[in-house]
Every structure is written in structure tokens, then in C-alpha cells.
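Trainee: Take a look at this one; I'll ask things after.
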Amino acid sequence: MKFGGASVAKTESFLKIAELIIEKSKLHKKIVVVVSAMGNTTDQLLELALQVHPNPPSREQDMLVSVGERISISLLAMALSLKQKEAVSFTGSQSGIITCEHHSDAKIVDVRPHRLLPVLNKGHVAIVAGFQGVSRTGEITTLGRGGSDTTAVALAVALDAPKVEFYKDVPGIFTDDPKKNPNALPLKEMTYLEAIQIAEKGGKVLHQRSIELAMKNGVQLSVLSFQNPSIGGTLVGPSAQRNRENSYEVETCSRS
């Protein structure tokens, strides 16, 4: 389950998310939740950096902006605790998200979710900070645009989960932006390539990096409404669960 910034814009949103997770846990014993920073927190942190330094060192900027997701994961764990559901929060590095060394636009080169497994095996919820990881040299990194979506897919691949559910402020993917075009039609199913084409044209429901990673590894993507997850929704990718042979593909890391 992946919740973006719009889903956690307010503190009361965490209680609603907790309820959704608890309902989902009645069907699935093992759930990993990836969370973005609250609302405009990342933008606010970037503005804060610019108030101190007109061109912040990339390493220190990553250290700063990674705080946003840490706030979200801890608040969600607290919300679940209030509702008597055991959960443990993890930063990107604690979750085993290994990246290249490119600050602010790092690519995921490996996933080692060893610390998540004992939590999942106990039936507890693992909450992971999206958008961030740790480089092979031990530095905190951020993944740039689409980072949290990519985190969710990468973890699904590494944990052999068949699906990632994205909870958005729209009830699925449409033929056009429903906020701008009232005649836009919802799409129930689509292929990875169709979803990539929409992302290339500027569609922001799913980020292209996450779709490409899902396509490489056969992970099913489901886009649902945060407010009404039982209504509508769009399914991206294969309808059947994938069958891998103990291997998976991650992102290609290269410097232009």
C-alpha cells in the first residue's frame, strides 16, 4: 500500500489511513506501507535550505528533505498503535533501499529488506519512508521525481509481492486530467505501455520510473481513491501473479 503526500496532507489523515490498513490486514497477513511526506513538506524544506544557502550542498540537502518522510512514517505508526494494530516504521536505509551515489536523483540498485521480514512474519505492519535510501558508501540519498512510487514497487519486487496499491486523490487513471476536463473517462484496466504513455504526456497519477520497474518485474499496479477505495480504480499490468526465479531487475544507474 502506498500513500502519497495528498493522502497525508493533514494529521487526521493518518487515522483514516490506519483504518484502511486495518481493513486490508483482514485479507492479507503481510502488508508493507510506503508513505510520502505530508502535503508540501518537501517543497517547504527545500525553500528552507535556500534561505540558508543559495546553492545547498547536495548531500546536506538530501539529509534535510529526507526528514519529511520520517515524520509521516512515525505518525502513521502512532495512528495504528492508537487503534491497537502493531506497526514498525523504517527509514529508507533501514528498509534496505540501496542506491547509487547521485544525491537528489539516486537510482535504486538493490533492495535488502532483511529488517522488514521479522516484522511481517509476526503479522505486524511495516511502514517504510518513500523517496529515500542509502548509497553503497553509506550516504543518505533521495530518489527525485517519482521516488516514493518507485520505492513501493522496488520493495514489492524484492519481497515478491504481486501487487502495489496506490492511494491517490483521484479514483483511478483517466483518459485526461479529470480536474481540468469533466468529460475525462476512467480506465478500469491498462497495459504498462499505455500507463507509460500517459506519464510521458505529463500524467502525474503514476510516475514513469515506477511503471517501468513494475513492467520489468511483472508487478501489478492498482490505483485507488484515498477517500473511496472501494469505488472505481485502475489496474495496470498483468492480471495474473508473476512467477520469478529468485531474481529481479532494479534501476540502471548512470551519470550523464
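The values are calculated or read from the model by the stated rules, or taken from the named source; none is laboratory data. Predicted model only: the values in this text are computed from it and were never measured. Neighbour counts run over all protein chains shown; Cβ positions are idealised from the backbone, glycine included. Ligands, DNA and RNA are stripped out before the accessible areas are found, and what is left, the full protein with its side chains, is counted by its heavy atoms. Shrake-Rupley method; radii C 1.70, N 1.55, O 1.52, S 1.80 Å.
Trainee: Being open to solvent by less than 70 Å² (accessible area, probe 1.4 Å) and either aliphatic (A, V, I, L, M) or without any contact (Cβ under 8 Å) to a residue 24 or more places away in the chain (or both) is the filter here; which residues of segment 191-211 pass it?
Mentor: ALA195, ILE196, ILE198, ALA199, GLY202, VAL205, LEU206, ILE211
Trainee: Scan segment 212-236 for residues that are hydroxyl-bearing (Ser, Thr, Tyr) and either open to solvent by 10 Å² or more (accessible area, probe 1.4 Å) or under 16 Å from the mean Cα position of the chain (by Cα) (or both) and jot them down.
Mentor: Matches in segment 212-236: SER222, SER225, SER230.
Trainee: Among the candidates GLU19, GLU69, single out the residue that is surrounded by 22 or more Cβ atoms within 10 Å (Cβ to Cβ), at pLDDT 95 or above, charged (D, E, K, R) and under 25 Å from SER222 (Cβ atoms).
Mentor: The conditions single out GLU69.
Trainee: Collect the residues in segment 162-177 that are part of a loop (DSSP other than H, G, I, E, B) and open to solvent by 30 Å² or more (accessible area, probe 1.4 Å), keeping them in residue-number order.
Mentor: PRO162, ASP169, PRO171, THR175, ASP176, ASP177
Trainee: On to the next question. Can you list residue pairs whose Cβ atoms sit under 9 Å apart, with the first residue in segment 7-18 being within 19 Å of GLU165 (Cβ to Cβ) and the second being in a helix (DSSP H, G or I) and of a type in the set (Phe, Trp, Tyr)? Count only pairs 6 or more apart in sequence or on different chains.
Mentor: VAL8/PHE14
Trainee: Could you check segment 59-81 and list, in sequence order, the residues that are among the polar types (S, T, N, Q), touching a residue at least 24 places away in the same chain (Cβ under 8 Å) and over 13 Å from ALA49 (Cα atoms)?
Mentor: Within segment 59-81, SER72 is the sole residue that qualifies.
Trainee: Would you mind stating whether ALA184 is open to solvent by less than 20 Å² (accessible area, probe 1.4 Å) and in a loop (DSSP other than H, G, I, E, B)?
Mentor: Answer is yes for this residue.
Trainee: Which one of these is in a helix (DSSP H, G or I) and either among the acidic types (Asp, Glu) or at pLDDT 95 or above (or both): ASP105, ASP149, ASP110?
Mentor: The match here is ASP149.
Trainee: Looking at segment 25-43, which of the residues that are open to solvent by 40 Å² or more (accessible area, probe 1.4 Å) and closer than 23 Å to GLY96 by Cβ is nearest to the chain's Cα centre (by Cα)?
Mentor: LYS30
Trainee: Something else now. How many of the residues making up segment 72-107 are open to solvent by less than 10 Å² (accessible area, probe 1.4 Å), among the β-branched types (Val, Ile, Thr) and touching a Gly at 6+ places or on another chain (Cβ under 8 Å)?
Mentor: 2
Trainee: I've got another one for you. Scan (1) outside any helix (DSSP H, G or I); (2) open to solvent by 10 Å² or more (accessible area, probe 1.4 Å) for the single condition ALA158 breaks and write down its number.
Mentor: Every listed condition holds for ALA158 apart from (1).
Trainee: Do the conditions hold for VAL125, that is, is it among the β-branched types (Val, Ile, Thr) and farther than 26 Å from ALA199 by Cβ?
Mentor: The answer is yes for VAL125.
Trainee: Scan segment 208-228 and tell me whether some residue there is assigned to a helix (DSSP H, G or I), touching a Pro at 6+ places or on another chain (Cβ under 8 Å) and not aromatic (Phe, Trp, Tyr).
Mentor: Among the residues of segment 208-228, not one is assigned to a helix (DSSP H, G or I), touching a Pro at 6+ places or on another chain (Cβ under 8 Å) and not aromatic (Phe, Trp, Tyr), which makes the answer no.
Trainee: Oh, and also: If you check every pair at least six apart or on different chains, which have Cβ atoms under 7 Å apart with a residue in segment 19-39 that is under 18 Å from LYS163 (Cβ atoms) first and a residue that is among the charged types (D, E, K, R) and part of a strand (DSSP E or B) second?
Mentor: VAL34/LYS2
Trainee: Please enumerate the residues belonging to segment 108-149 that are out of contact with any strand residue (DSSP E or B) (no Cβ under 8 Å at 6 or more places or on another chain), on the phi > 0 side of the Ramachandran plot and surrounded by 15 or more Cβ atoms within 10 Å (Cβ to Cβ).
Mentor: Those that are out of contact with any strand residue (DSSP E or B) (no Cβ under 8 Å at 6 or more places or on another chain), on the phi > 0 side of the Ramachandran plot and surrounded by 15 or more Cβ atoms within 10 Å (Cβ to Cβ): GLY144, GLY146.
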